[in-house]
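Undergrad: Have a look at this one.
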Amino acid sequence: MAGLVLKGIGKSFGPVEVLRGIDLDVADGEFVVFVGPSGCGKSTLLRVIAGLEEVTSGTILIDGQDVTTERAAERGLAMVFQSYALYPHMSVYRNIAFALENMRLPPAEIEARVRRAATMLRLTDYLDRKPGALSGGQRQRVAIGRAVVRDPKIFLFDEPLSNLDAELRVATRKELAGLHAEIGGTMIYVTHDQVEAMTLANRIVVLNKGRIEQVGTPLELYNRPANLFVAGFIGSPRMNFIRGQVTPEGRLVTPDGKVTLPLPAGHAPGAEITLGIRPEHVLPAGGEAPDAILTVDLVEKLGSEAYLYGTLADGTALTLRSPLEDPARRGDSLPIRFERQRLHLFDAAGLAIRP
Amino acid sequence: MSQTGSPPRAIPRDSLASRLIQGIAGLADRPMAWIQHAVGGRGMAYVFLGPNILFFGLFVFLPIGINMAMSLTGGTNLFLSERPFIGGDHYRSLMQCGSYLDPASCREDHFWKGVSNTLKFTLFQMVAMVGTALVTALVLNRKIRGRGFFRAVYFFPVLLSPVVVALIWKWILQRDGLLNGAITLAGGEKILFFVEPGWAMFWAVFVSVWAHMGFYTLILLAGLQAIPADLYEAAEMDGTKPMRVLTRITLPLLWPNLVVVLVLVLIKAVQTFDEVFVLTGGGPGTATLMVVQYIYETAFANQVQNFGLAAAASMLLGSVLFALTMLQLWIARRKAA
Ligand SMILES: Nc1ncnc2c1ncn2[C@@H]1O[C@H](COP(=O)(O)OP(=O)(O)O)[C@@H](O)[C@H]1O
Ligand SMILES: [Mg+2]
């Protein structure tokens, strides 16, 4: 177990700058998730930490030690690959034992460790099989077992669940959370799936185009996104955004003037503002005075709840999550209200405006 | 028929070329329809296979049959009808040996010398060929500068005719050749490579490895590139030393390709003739005489042309090759399964 410090990490492949100025502190025992859209540099950052890629600039400290120039083999980290990267010609047992044999541990110790990991990961019955004779979920557990036995300083996971079907993904997600609770190692986990990030992480690092957009606990990111990107990325369905200008009366008006919305006090008239509101914080107005009228274009009924997709008078798309089973019909004009405490405001540069 | 298949996309439908192709292809329509009518749909398969089978029969199976008949008949006449049947006499004289370990004790001492030389040659060549091809493939598989250039360079000799290869090396190795020139320049004594039996065998192996290595390197290189890169990254994360990566990951995963190469090298080595014959003429003495050269000389080059004996030796060599080919097919099938 160990902490990790990244200072000003930059990485370019030839002329292409993939990572820029990454600063990050990961505490000992923490479960940190890197999340971001595909191609934003998550894997590259993880591989830089692993030592599989050299940095172009910056410093990497593990347990306070500068390991920037150390090879992957010397850093004492374990990685679970998206493809699992199991050795196809070795049995499950040999796959798990391989790193321990490299360390020249005594055979009895190796055996004990492999058996313990196999028990924990329910692989005991499959130790003699080759990876080719395992299901996706079992292979996944072998890959995790291979990391666990080594008792690494840090666990690195690169989208480990992306090759599993939806059901298995949820089950394995829970197992991973259980694993972290049980062995308590420092874990760094890459995913493009914000639900995985929200459910697993102690802290989430949101990456976009090679930069860190925000670092925070799942609830911090949900409740106080630092900018438009994070606001849009975290949460499902994604947050609604309405762009407009502050009127002299302190309200928000859309460019075509068709929609006016209430704003908290204190915004300079004329300022360009984007108002964000999550679908779960848009309510049918009921008897109260509506903030706007939503023309319903599509209703998704999920049983426990329903999503309404519609447009406001100015054409802005807006999603509403209703706890009702069957709240409206396509074509309905639904008066809606925004929960006042749940409004997110962003300035012209896309940064959150904090009261 | 021509109506159903549309012409290739590159050729506009109504162009002259398109009409020409359709017109020519159309010539086959009537006869084909007629044949199909005559033999039925299933029979058409044999109609299409026919020419090829005829070709094989004429140039492969018929000669094997004639060879078989030759080996069972005596005399020096080339025409089977003029040759008396003698049964297994040729085979008996080929197998007549005081000790199979000593070619000189055999009635057909050159045949057994050839067998012994071919075995030696095959063994050395397999080790040298697979060894160098493997090392070359491993090196060419790394991200080195000019990788494409080197791949081409190592493959180039494969394209040369064996006779050309042998002649080139003969110029280099002969008494006043390039190599001896270099040795004298460096102040050394000339070495008569084709007079020393050991040297002659060494160069026979060396030249054939030089000439064919590129082909086997290519097979091994393909095998190496089929190994997923992330296995090497996993091994790196597992703290694996380079030598262990080679022995525990690369070689086991390359094993199927290595076996294919081993068997192919074996089959080719047993048939070796042209390169070594042009390079050393089988000499000095019989030091590099191979089985195939014995067969050739017995049948065509000796004063008395003993076609029957040569045919019998061919049959023996053929059965060894047949067994090896079966082995190769079996391995290939097992790999595919
Ligand atoms: N070895 C490489 N050479 C060149 N470009 C690369 C290489 N690896 C990744 N990239 C580029 O870096 C960017 C980030 O890739 P990656 O870290 O894999 O993204 P993510 O894992 O977030 O989807 C991508 O645009 C990708 O094309
Ligand atoms: Mg990735």
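The values are calculated or read from the model by the stated rules, or taken from the named source; none is laboratory data. Bear in mind that the values here come from a model prediction, so they are computed numbers and not experimental data. Neighbour counts are summed over all protein chains in view; Cβ atoms, including those assigned to glycine, are modelled from backbone coordinates with ideal geometry. Quick note on the areas: whole protein, heavy atoms, side chains included, nothing else; ligands and nucleic acids left out. Shrake-Rupley method; radii C 1.70, N 1.55, O 1.52, S 1.80 Å.
Undergrad: Among (1) within 30 Å of B:LEU253 (Cα to Cα); (2) without any contact (Cβ under 8 Å) to a residue 60 or more places away in the chain; (3) within 14 Å of ligand 1 (Cβ to nearest atom); (4) small (Gly, Ala, Ser), there is one condition A:SER83 misses while meeting the rest; what is its number?
TA: Checking A:SER83 against (1) within 30 Å of B:LEU253 (Cα to Cα); (2) without any contact (Cβ under 8 Å) to a residue 60 or more places away in the chain; (3) within 14 Å of ligand 1 (Cβ to nearest atom); (4) small (Gly, Ala, Ser), the one that fails is (2).
Undergrad: From B:ILE191, B:ILE249, B:ILE227, which residue is closer than 25 Å to B:ARG151 by Cβ, assigned to a loop (DSSP other than H, G, I, E, B) and without any contact (Cβ under 8 Å) to a residue 40 or more places away in the chain?
TA: B:ILE227
Undergrad: From the list A:GLY216, A:GLY185, A:GLY178, which residue is more than 12 Å from the chain's Cα centre (by Cα), open to solvent by less than 50 Å² (accessible area, probe 1.4 Å) and without any contact (Cβ under 8 Å) to a residue 24 or more places away in the chain?
TA: Result: A:GLY178 is the single residue among A:GLY216, A:GLY185, A:GLY178 that is more than 12 Å from the chain's Cα centre (by Cα), open to solvent by less than 50 Å² (accessible area, probe 1.4 Å) and without any contact (Cβ under 8 Å) to a residue 24 or more places away in the chain.
Undergrad: What are the residue pairs meeting all of these: first residue in the range A:266-285, first residue under 15 Å from A:ASN240 (Cβ atoms), second residue open to solvent by 10 Å² or more (accessible area, probe 1.4 Å) and among the β-branched types (Val, Ile, Thr), Cβ atoms under 6 Å, and 6 or more apart or on different chains?
TA: A:PRO279/A:THR319
Undergrad: So which pairs qualify, if the first residue must be in the range A:32-56 and within 14 Å of another protein chain (Cβ to nearest Cβ), the second must be in a loop (DSSP other than H, G, I, E, B) and more than 9 Å from ligand 1 (Cβ to nearest atom), the Cβ gap must be under 6 Å, and the two must be at least 6 apart or on different chains?
TA: A:VAL48/A:VAL55; A:ALA50/A:LEU77; A:GLY51/A:ARG71
Undergrad: Go through the range A:130-225 and tell me which helices (runs of 4 or more DSSP H), entirely inside it, have 2 or more residues that are within 16 Å of ligand 1 (Cβ to nearest atom), more than 14 Å from chain B (Cβ to nearest Cβ) and out of contact with any Lys or Arg (no Cβ under 8 Å at 6 or more places or on another chain).
TA: In the range A:130-225, the matching helices (runs of 4 or more DSSP H) lie at A:194-200.
Undergrad: Follow-up question, since we're still on this one. For the range A:34-46, which positions are near ligand 1 (Cβ under 9 Å from one of its atoms) and more than 13 Å from A:LEU6 (Cβ to Cβ)?
TA: Selection gives A:GLY36, A:PRO37, A:SER38, A:GLY39, A:CYS40, A:LYS42, A:SER43.
Undergrad: Shifting gears a bit: Being open to solvent by less than 50 Å² (accessible area, probe 1.4 Å) and in contact (Cβ under 8 Å) with a residue 24 or more places away in the chain is the filter; apply it to the range B:161-188 and report the residue that is nearest to B:PRO284 (Cα to Cα).
TA: B:LEU173
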